Amino acid sequence: MRLLLFGCSGFVGRELVPQLLACGHQLTIVSRKRIGDFPRPPKEGQLFFLQMDPSDPETWQRNSLLKALAEAEGVVNLTGEPIAERRWTPRHLKKIENSRLETTKELVEAMQRLRKPPRVLVNASAVGYYGTSRTAEFNEASPSGQDFLAQLCSRWETLAQGKPRSTRLLIVRFGIVLAPGGGALGKMLPVFKAGLGGPIGKGDQWMSWIHRTDLCRIIVEALENRTWLGVVNAVAPSPVLMTNFSSELGKVLGRPTVLPVPGPILKIFLGDGASVVLEGQRVVSKRLQQLGFSFKYPDLNDALSAATTITTDK
C-alpha cells in the first residue's frame, strides 16, 4: 500500500516507519522539520521524504505534495506540536492548535478535490478529548470534556470527519505513550535513574498509558483491516495511578521513589500544561476489545522493562 505520512518524523514515527516498511508498504513522509535517521528500507524506492509545512495553505499548491496525495492509498496524520513540554504561552497555544487543525483542514480539503481519494485515513487525537477527572472512567462512547485540550481534540476530530465519503476513517485517541528516547518516559528516566524520582503532584491522578510498540501496531492494523473504523482509545487495558506508575518505574530501574514532585514546581516549568500530568483521566478501550486487538505489552511492568532496557542498550 502506498502511504502518505504526516507527523511521523519524530517520537512515534521512529517505530511506526520501520513497522510499516517491514509490512511492505511504500512510504512518503511529510515533515516541516529536517527528517531524522530511519533504517534503510528493505526495498529500494520504498521510502521518500518531503520537507514542508503541511499546516501552511501555500504548501498544498506544490505539485510534489499533491502528486503524493493523489497516489496514496492510505494517509496517516499524526501531526501536532507537543502538548506538555513547555509553558502554555498564547503563542505556544496557537502553535498547538494550528499544527493540528490547519494541517488536518488542508489535508481533508485536498482529499475532497481528488477524483480518487485515499481508501483510508488514520488520524491522531488524544484521550484529552474526555477532559480530566480523578473519579470517572471514560471509553469511546463518553462525551468530550470542556477544557482546552478536550475542545481542541473535538475540533480536530470534526475536521478529520470531513474526509471524502469513500475514505474509511479511524481516529486514534492516544494515551500516554511509553518508549525510550521521548515522550513522558524519556523526560522521567534521568530523574528516576538518579534516585530523585517519585509521584508527580498528589499521586492520585490516573495515567492511561500505552507502549509505543502497541500504538504502532494499532495504526498498522487500522490501515490494513477494513473492519476498523470510527474511534479507538489507544490505551493499555489497565490504567494506573501516578503513585503506582512511579513505584513500578522505580522497581524496574532499581531506584527509590520517595521524592514526589510538587504540583506548584511542575507548574513553574509547564504553566497550564502541567494539568495534563497533574489531573489525568482513567480511560479504557472497549473498541479494541471488540476488535480483538491483542496487546504485546498489556502489563505496565513489562512495558517499562522493555522501554528502559532498550534505552540502556542504546
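The values are calculated or read from the model by the stated rules, or taken from the named source; none is laboratory data. These numbers were taken from a predicted model, which means no experiment stands behind them. Quick reminder, even Gly has a Cβ in these numbers, built from the backbone with ideal geometry, and neighbours come from all protein chains shown.
Say whether the condition of being under 27 Å from R87 (Cα atoms), at pLDDT 90 or above and touching a Phe, Trp or Tyr at 6+ places or on another chain (Cβ under 7 Å) is met by at least one residue in region 297-307. No, region 297-307 has no match at all. Going through V232, V220 one at a time, which residue ends up being among the β-branched types (V, I, T), closer than 16 Å to Q289 by Cβ and in contact with a helix residue (DSSP H, G or I) (Cβ under 6 Å, 6 or more places away or on another chain)? Only one candidate qualifies: V232. Checked against the criterion of being at pLDDT below 95, more than 15 Å from the chain's Cα centre (by Cα), of a type in the set (K, R) and not in a helix (DSSP H, G or I), the candidates R165, R134 yield just one match: R134.
Here are E81, E97, E44, E73: which of them is out of contact with any helix residue (DSSP H, G or I) (no Cβ under 8 Å at 6 or more places or on another chain), among the acidic types (D, E) and at pLDDT 85 or above? None of the others qualify; the one that does is E73. If I ask for residues that are without any contact (Cβ under 8 Å) to a residue 40 or more places away in the chain and in a helix (DSSP H, G or I), which ones from region 66-105 would you list? Within region 66-105, K67, P90, R91, H92, K94, K95 meet the criteria.
Report yes if some residue within region 220-229 is surrounded by fewer than 18 Cβ atoms within 10 Å (Cβ to Cβ), on the phi > 0 side of the Ramachandran plot and touching a residue at least 12 places away in the same chain (Cβ under 8 Å); otherwise report no. For region 220-229, residues surrounded by fewer than 18 Cβ atoms within 10 Å (Cβ to Cβ), on the phi > 0 side of the Ramachandran plot and touching a residue at least 12 places away in the same chain (Cβ under 8 Å): absent. Of the helices (runs of 4 or more DSSP H) lying entirely inside region 195-301, those carrying at least 3 residues that are more than 21 Å from D147 (Cα to Cα) are 212-224, 242-253, 286-291.
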